[in-house]
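Take a look at the structure below.
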Amino acid sequence: MTPQASSPPGLDEVLAAVDSALRDGRRRLAEAAATPGSFAAAQREVLGKRSALASVNALLGGLDPDGRRQAGAALGAARKELEEEANRLEAVVAEAERRQRVAAERLDLTEMAIGPKTPPLSHSGRGVGRLHLVTQTRDELEDTFVAMGFAVAEGPEAETDWYNFEALNMPPAHPARGMWDTLYLRLGEPGTVLLRTHTSPVQIHLLEAGELPIYAVMPGRCYRRDTPDARHLPVFHQIEGLVVDRGITFGDLAGVIEAFTTSFFGPAIHSRLRPSYFPFTEPSAEFEVTCPICRGEGCRTCSGSGWIELGGCGMVDPNVFSAVGIDPERYSGFAFGFGIDRLAQVRAELSDMRALIDNDIRFLRQF
Ligand SMILES: [Zn+2]
């Protein structure tokens with residue numbers, strides 16, 4: 001038996017052990033930081049229950065009280081230094097891993113964006129881009145309505161409760177508000193400013209401007225707290241129409257819808273109205289068009305009915321006119337609206353609407 005083995009280590013030996021644990025620990029952490037994927041293990045090795053620091057700690061019991069105090073302080077300082085070094089290196093390692101991941105997942109977008117060449121204008125050999133299917137559809141809709149004598153109006157995407165609900169005949173606690181899962185903004189009084197759930201607030205802006213008569217369509221982006229699925233997106237597009245003049249009747253509404261349908265889809269596609277409910281129109285209707293895929297024969301898309309529901313419409317509720325100071329005895333009008341994404345989906349025969357927001361260039365360049 002050697003004397004060292006039988007007698008407990010003295011203060012000098014313990015302090016030397018602290019020093020060596022500190023030195024080894026620093027080196028071990030630095031090496032691991034430079035070797036991908038090994039840092040977490042090294043951290044456990046240097047600071048964990050089986051670390052050199054932990055074994056030195058076990059030696060403190062063999063020292064006299066004064067030596068224990070000195071060695072304990074040295075050990076605490078060494079542990080603190082190693083912990084700080086480990087934290088610093090951990091951040092460095094995480095950042096390096098993030099960079100590596102980004103580099104690995106990176107797409108060369110300049111290469112992807114090369115489309116069909118369009119000589120002689122394209123000196124670089126690169127083709128031109130194209131508008132998104134939804135934008136193309138919106139442009140076509142605007143063109144169709146402009147040709148019918150409508151103006152195009154736009155409004156803000158962040159609205160107050162008044163424009164999005166109240167002025168549209170939906171006072172606070174009106175059950176129809178439940179039809180929309182609204183996204184509110186942290187702005188002003190809680191629950192007063194929101195991302196518009198439909199394009200209808202633009203109607204109120206137009207009516208407030210007070211320039212009658214009105215023949216306008218209002219395309220734009222809308223927001224609802226919907227989980228994306230094959231037929232819903234939380235950010236989507238609507239186009240809304242509003243006509244206000246003297247002597248406007250439900251017959252005018254039906255006529256405009258039919259004229260739009262044949263003009264947009266072609267002469268083989270017609271429209272029909274079915275009674276429905278909307279808070280801001282009375283009477284209200286849903287409008288359907290001949291299924292553009294089967295041309296009315298019945299198919300999977302139209303569930304065999306030959307018709308596809310496109311949107312809602314109706315005569316402007318007198319309460320809406322009163323809310324903006326227009327005399328409902330002198331003026332009447334109608335409004336209609338439908339989803340642009342939905343229309344694009346039907347026309348392009350997309351089974352899943354989420355394809356519109358995947359940003360897969362192979363999908364988008366088909367249109
Ligand atoms: Zn069909």
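Observations
- Sparse-neighbour loop sites [trypsin sites (Lys or Arg not before Pro); the stretch 303-367; at most 10 other C-beta within 10 Å; DSSP]: R330
- Angle in degrees between helix 133-147 and the longest Cα principal axis of the chain, rounded to the nearest 10: 20 degrees
- Ranking of V316, V92 by count of other Cβ atoms within 10 Å, fewest first: V92, V316
- When E84, E140 are arranged by Cβ crowding within 10 Å, least crowded first, meaning fewest neighbours, the order is E84, E140.
- The long axis of helix 250-265 is offset from the longest Cα principal axis of the chain by roughly 60 degrees.
- Evaluated on the stretch 3-105, the Kirkwood hydrodynamic radius is 15.0 Å, with distances taken between all distinct Cα atoms.
- Global form of the stretch 222-302, assessed from the alpha-carbon gyration tensor, a/c cut-off 1.5: oblate
- Take every DSSP beta bridge whose two residues both sit in the chain; close to 95 percent of them are antiparallel.
- Where GluC sites (Glu not before Pro) fall in DSSP loop in the stretch 167-259, at most 16 other Cβ within 10 Å: E211
- Three-way shape label, the stretch 273-367, alpha-carbon gyration tensor, a/c 1.5: oblate
- Over the residues of the chain, the helix contribution to mean residue ellipticity at 222 nm works out to -13000 deg cm²/dmol, using -39500 (n - 2.57) for each DSSP H run of at least 4.
- Kirkwood-based shape ratio for the stretch 133-364, expressed as Rg/Rh from alpha carbons: 0.96
Computed from the coordinates by the stated procedures, all read-outs in this text should not be read as laboratory data. In this text the structure is predicted, and so the values were computed from the model without any measurement. All Cβ positions, glycine included, derive from the backbone under ideal geometry; neighbour counts span all protein chains shown.
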